[in-house]
Each structure stands twice: as structure tokens, then as C-alpha cells.
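Trainee: What follows is a single structure, and I will ask about it in a moment.
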Amino acid sequence: MLAGLDWLVILGYFGLLAAVVMFTKRKQETGEDFFLGGRSVGWLAIGASIFAANIGSEHLIGLAGSGAVCGLSQSHWEFHAWVLILMSWVFLPFYYNSGVSTMPEFLERRFGAKARWILSLVSLAAYVLTKISVTVYAGALFFEVMMPEVNLTVGGTTVSSFWIGAIATVTLAGIYSSFGGLTAVVYTDLVQTFIILAGTLAVTGFAFHYLGHSGVALADGSTAQSITDGWQVLKATIKSTGNVEQFGLWHSLSHKAFPWLGVVVASVTIGVWYWCTDQFIIQRTLSAKNLTNARRGAIWGGFLKLSPVFLFLVPGMLGFALHHNQIAVNGSAFAIPLKESGALNGDAVFPTLVRTLLPIGFRGLVVAGMIAALMSSLASLFNSVSTLFTVDVYQKLKPETSQKALVRIGRLTTISMTALGIIWVPIMKAIAGGGLYQYIQSVQSFLAPPIVAVFVLGLFWKRMNLRGAVWGLGLGFALGMAKLAVNAVWGGEAGFALIQDFYFSGLLLAASIAIVICASLSAPPPDPAHLTGLNFACLDAEYRRKNRASWNWADVVASCVVVGLVVCAYIYFWTWLD
């Protein structure tokens with residue numbers, strides 16, 4: 001239940017959001033103004049927008065639930081700060097210097113129109129069916145748990161907090177996304193980043209407080225008496241319950257859900273696809289005032305990307321320890337709801353932590369952070385989908401369309417995506433059944449390999465041509481969707497019986513690379529003059545000069561620090577339960 005102070009905090013958040021939108025409001029006269037913020041955004045806002053766009057409600061709900069159920073297994077997808085560094089130095093200069101607005105447009109520059117059409121249509125379908133629906137569903141689930149008292153009776157029918165939360169947040173995100181374009185999205189993300197961080201830090205801090213003062217016996221024979229003992233209580237609980245392997249960083253090759261080899265290949269493939277080739281992320285860097293700000297924004301985003309494991313996954317593990325030890329919180333034993341099978345309901349972990357642990361005021365802060373995560377992801381999704389449809393579909397079909405008309409089409413597309421997001425909520429609610437984060441990673445592991453194969457080979461192999469791109473994308477997507485259909489129609493068990501999802505992702509990547517190579521070799525090579533600035537082997541002196549002028553020693557040091565922190569995290573968690 002939320003108190004008056006909590007509601008004041010939430011209202012304060014909406015007031016701040018409205019102020020930022022009004023402050024950043026500007027004339028949206030051209031497509032570049034609406035879709036790319038007039039290419040005038042600074043690095044601080046870009047990095048924050050990358051982080052806020054990535055951290056959706058599925059992270060707060062799904063990643064915390066994954067931490068409570070399977071420990072660090074999902075952390076490999078969250079230690080992707082190094083992939084952002086890869087993007088900033090290897091991929092980004094090609095995108096920014098080519099002057100494109102979308103990733104499909106870049107494929108057209110490199111290969112031809114057919115490749116652009118395939119990636120555009122597949123990306124649009126994937127956004128609606130996965131990212132938008134999952135984000136809305138996870139946010140609505142949070143509202144259902146946190147605000148059960150919020151309901152509305154219309155004509156004798158009661159509308160629950162689940163639907164009120166879903167419709168309200170989707171509508172508000174759609175309004176300010178269509179109102180101010182990418183400029184409004186990026187600068188509201190800057191504010192929302194700090195709200196998300198403050199809210200999740202509050203959950204982590206209070207979880208450590210209660211666990212650290214629980215009096216649970218530690219490995220050295222003492223009892224937990226301070227907040228610093230919380231981590232030791234967590235480790236002791238995992239060991240005493242026999243869950244060391246389950247909560248560890250690595251699992252055996254025969255592990256049903258997370259075999260280490262499959263995880264390494266699938267997580268890296270998904271990481272390169274998401275951070276280096278997906279419109280959802282890259283669009284933020286393309287809004288930069290110059291390549292220097294674009295790169296520094298990505299590096300700053302890499303620093304922020306180091307936090308999700310500690311802000312979302314670790315609290316889920318702390319929730320597991322609180323639940324197992326039945327730690328008293330405000331006179332009652334902490335308890336996470338169970339599924340019908342008796343297992344922990346992972347998707348209820350984070351809302352339970354917020355509702356149970358946090359005092360008045362802090363609950364409002366976390367709910368505001370949850371709303372911020374939901375709205376920032378949705379607004380970013382709406383803007384990216386609007387850009388893809390308007391630039392890569394509508395403008396291609398009607399190239400004579402004026403700039404003002406393109407802005408109007410972009411706004412209409414955002415409104416349409418808002419409606420589709422709401423329509424997909426009951427479908428997502430029916431198929432989710434818990435484990436949102438694992439569901440997302442499984443689906444993405446079927447979509448990412450063909451795109452990664454085409455982009456990477458396109459940049460590094462100048463012999464690759466349009467036929468290779470078309471066949472690689474087309475057949476690769478067909479194979480991925482076939483596996484997804486097996487899982488959907490016959491259930492996860494049948495899918496696993498055929499081949500484990502993450503192993504399939506690795507095989508699909510290898511197959512996509514083979515298809516691209518064979519198809520490319522069966523057609524004449526592209527004209528080298530056409531590849532200038534689009535392939536590493538075809539960089540002229542002017543391109544190299546511009547790229548070198550865009551960075552200095554500070555960028556190199558910052559990049560090394562990000563990669564070093566990822567390495568340190570892996571070293572620690574490799575043996576943290578030994």
C-alpha cells in the first residue's frame with residue numbers, strides 16, 4: 001500500500017518529467033529534428049539515454065526474479081559494458097560518418113535496397129512482438145503488486161491496477177515521445193537515469209540492512225550484526241541450501257538452461273546485435289553533435305551498464321536469502337509468493353522487496369523509478385519504431401514526401417505503436433508465466449545471429465555483396481523463427497529436446513556466416529569504389545583523419561577502465577562461492 005508521501009514523490013516525478021519535456025521542446029520541422037534531435041545532443045545525455053533505454057521494467061521484474069531463482073546465470077548478458085566499448089570504437093565511426101538515420105539505411109548503403117527492406121520489416125515486427133509487449137507487461141505486473149488498491153469501476157466492470165498502470169504509462173510515454181521526438185526522449189532519459197539508480201539503490205540498501213542485522217549464523221561462527229554482514233549471510237544461505245551450482249556464474253555443458261558454452265556464444269552474439277547494430281541503441285549515438293560526443297556517450301553508457309548486476313540481480317539474490325531465512329520485517333516474516341508448483345515466483349520478487357522492505361517515501365521513490373524505467377524504455381522504443389517505419393518504409397515508398405509530412409507520419413506511427421503495445425498486453429500476460437528475462441534472452445538468441453553475421457562480415461570482408469546479405473538475413477531469420485515456432489507450439493521441453501536454445505544460437509550464427517559467405521561467392525564482388533567508408537579495407541585518408549581527430553587519450557583511458565571493471569567483476573564472481 002502506498003501512503004500520501006509516496007504519492008507526493010510520484011507526483012513530483014511526473015512534475016519533473018513535464019518540466020523537462022517543456023524545457024526541451026523545440027520546433028520539429030524536419031525529420032532530422034524529430035528522429036535524431038537535430039544531431040545536437042551531448043555525450044552526457046546520450047550515455048544516460050542508452051542506459052535508461054536499456055533498463056526497462058523487464059530488468060527490474062525479470063532480472064531480480066532471475067537472481068532469486070538462478071543466481072548469477074543471467075549476469076553474462078549484463079556484463080556487456082565491454083560491448084559498448086567495442087561499438088564506440090569499431091562500429092560507430094562507420095555509422096556516424098555515413099550520415100545515416102537508421103541501421104537498415106546503413107545496410108542499403110553497404111549492400112542494396114533489398115537488405116534494407118528485410119531488416120526494416122523484421123525489426124518492426126520484433127519490436128512490437130517482444131520489446132514493447134514485454135516492457136508493458138512487466139510494468140503492469142509491478143503496478144498490480146504495488147498498487148492493488150488502485151482500481152476503477154466502469155459500467156459494473158472493475159478495471160484492475162494492472163490495466164490502469166499499463167494503459168497510463170504507455171499513453172504518457174507515447175504522448176511525450178510524439179510531442180518532442182528524440183530530443184524529449186533523450187533529455188527525459190537523463191533525468192530518469194538518476195531516478196532509476198536512486199530507487200534501485202534504496203532497495204539494495206534496505207535488503208542488505210535487514211539481512212545484515214538478521215542474526216543468521218555466518219561461516220566463521222559469528223552472527224550477522226551489521227549491514228556489512230549481509231553479503232556473508234547471502235553466501236552462507238546459498239551454501240546451506242545446496243544451491244552453489246545453481247547460483248554460480250558458470251554451469252556444466254549439460255546444464256538444461258545455462259550451459260556455459262552456449263551462454264558465452266549466445267550472450268556475446270546478442271550483445272553485439274543489441275549494442276552494435278540495433279536501431280534502438282544506435283539511434284541515440286546518431287543524435288550526437290559530432291563523432292566525439294557520440295563515442296563518449298557510448299563510453300559513458302558503458303560505465304552505467306556496469307550497474308544492473310548489482311542493482312537488479314543482486315537484490316533478487318538477497319530476496320532469496322530473506323525468504324529462505326524468514327527474516328522478520330516489520331513484525332512479519334519476509335515471504336515471496338510461490339507458484340502452483342511450490343517454486344518461487346521470480347517475477348514477484350522485486351515488487352515484494354519494494355512493498356515489504358521500504359519505508360514510506362522510499363516506496364514512492366522506487367515506484368517513480370519503476371515508472372521511469374518503463375516510460376524511458378517505451379518512449380525510446382516508440383521513437384525507434386517511428387523512425388524505422390517513417391524513414392525505411394514510408395519514405396522509401398513515397399520519396400516525394402515533405403519534411404513536415406514525415407514528422408506528422410512519425411507522430412502517427414508513435415500513436416499506432418502505443419495502441420499495439422496495449423493490445424499485446426493480454427497476449428503477453430497469457431504466455432509469460434514467469435521468467436520474463438529468460439524468455440527475452442531466448443527469443444533474442446533466435447533473432448540476433450543473422451544480423452550479427454551480416455553486419456560484422458559487411459564491415460570486415462569487402463568481398464561480401466548484396467546476395468550474401470539477402471540470403472544471410474532471409475535464411476537466418478527463417479531458421480530462427482522455425483526454432484521459435486517449435487518452442488511456442490510444442491512447448492519448451494520439445495524445443496530443448498530438439499536442441500538447447502543457446503546452443504542453437506551458436507549454430508545459427510555459424511550457419512548464417514556460412515550462408516553469407518557461400519552466397520557472396522556465388523555472385524560478382526561489389527565495386528570497391530562503392531565501399532569507401534563502409535568497410536575497413538576501403539577507408540580513405542580523409543576518413544582516417546576525421547576518425548583520429550575525434551578521440552584523445554582520455555577516451556582511451558575511460559574505455560580501458562570500463563573493460564578492466566568487467567574483467568574484475570568476472571574474476572570475483574568466478575569463485576565467489578568457493
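The values are calculated or read from the model by the stated rules, or taken from the named source; none is laboratory data. Keep in mind that what you see is a predicted model, and the values were worked out from it rather than measured. Here the Cβ is made from the backbone with ideal geometry for all residues, glycine too, and neighbour counts use every protein chain on show.
Trainee: Give region 179-233 a look and list any residue that's surrounded by fewer than 17 Cβ atoms within 10 Å (Cβ to Cβ), assigned to a loop (DSSP other than H, G, I, E, B) and touching a strand residue (DSSP E or B) at 6+ places or on another chain (Cβ under 8 Å), or say none.
Mentor: Matches in region 179-233: Gly215 only.
Trainee: I would also like to ask the following. Could you check how many residues of region 524-548 are surrounded by 11 or more Cβ atoms within 10 Å (Cβ to Cβ), in a helix (DSSP H, G or I) and either of a type in the set (Lys, Arg) or without any contact (Cβ under 8 Å) to a residue 12 or more places away in the chain (or both)? I'd like the intermediate steps shown before the answer.
Mentor: Let us first name the residues in region 524-548 that are surrounded by 11 or more Cβ atoms within 10 Å (Cβ to Cβ), namely 525-526, 528, 530-539, 542-544, 546-547.
From the residues that got through so far, the ones that are in a helix (DSSP H, G or I) too are 528, 530-531, 536-538, 542-544, 546-547.
Pick out the ones that are also either of a type in the set (Lys, Arg) or without any contact (Cβ under 8 Å) to a residue 12 or more places away in the chain (or both) and you get 530, 542, 544, 546.
Residues flagged as surrounded by 11 or more Cβ atoms within 10 Å (Cβ to Cβ), in a helix (DSSP H, G or I) and either of a type in the set (Lys, Arg) or without any contact (Cβ under 8 Å) to a residue 12 or more places away in the chain (or both) within region 524-548 amount to 4.
Trainee: Another question about this same structure. Condition first: surrounded by 24 or more Cβ atoms within 10 Å (Cβ to Cβ), of a type outside the set (D, E, K, R) and over 14 Å from His213 (Cα atoms). Now tell me which residues in region 335-358 satisfy that. Reasoning before the result, please.
Mentor: So in region 335-358, the residues surrounded by 24 or more Cβ atoms within 10 Å (Cβ to Cβ) come out as 346-351, 353-354, 357.
Of the ones still in play, those that are also of a type outside the set (D, E, K, R) are 346, 348-351, 353-354, 357.
Result: Gly346, Ala348, Val349, Phe350, Pro351, Leu353, Val354.
Trainee: What about Asp33, is it among the charged types (D, E, K, R) and at pLDDT 75 or above? It would help to see each step written out before you state the result.
Mentor: Values: among the charged types (D, E, K, R): yes; at pLDDT 75 or above: no.
Judged against the criteria, Asp33 is not a match.
Trainee: Please list, ordered by first then second residue, the pairs with beta carbon atoms under 8 Å, 6 or more apart or interchain, first in region 354-369 and within 15 Å of Leu17 (Cα to Cα), second of a type in the set (Asp, Glu) and surrounded by 20 or more Cβ atoms within 10 Å (Cβ to Cβ).
Mentor: From region 354-369, the pairs are Val367/Asp6.
Trainee: Taking region 40-56, which residues are at pLDDT 85 or above, aliphatic (A, V, I, L, M) and closer than 19 Å to Phe310 by Cα?
Mentor: If the condition is that a residue be at pLDDT 85 or above, aliphatic (A, V, I, L, M) and closer than 19 Å to Phe310 by Cα, then Ala48, Ile50 are the ones that fit.
Trainee: Just one of the numbered conditions (1) part of a helix (DSSP H, G or I); (2) farther than 30 Å from Glu105 by Cα; (3) touching a residue at least 60 places away in the same chain (Cβ under 8 Å) is not true of Ala236; which one?
Mentor: With respect to (1) part of a helix (DSSP H, G or I); (2) farther than 30 Å from Glu105 by Cα; (3) touching a residue at least 60 places away in the same chain (Cβ under 8 Å), Ala236 is out only on (3).
Trainee: Yes or no: Ala478 modelled with pLDDT under 75 and surrounded by fewer than 18 Cβ atoms within 10 Å (Cβ to Cβ)?
Mentor: Working: modelled with pLDDT under 75: no; surrounded by fewer than 18 Cβ atoms within 10 Å (Cβ to Cβ): yes.
No; evaluated as a whole, the condition is false for this residue.
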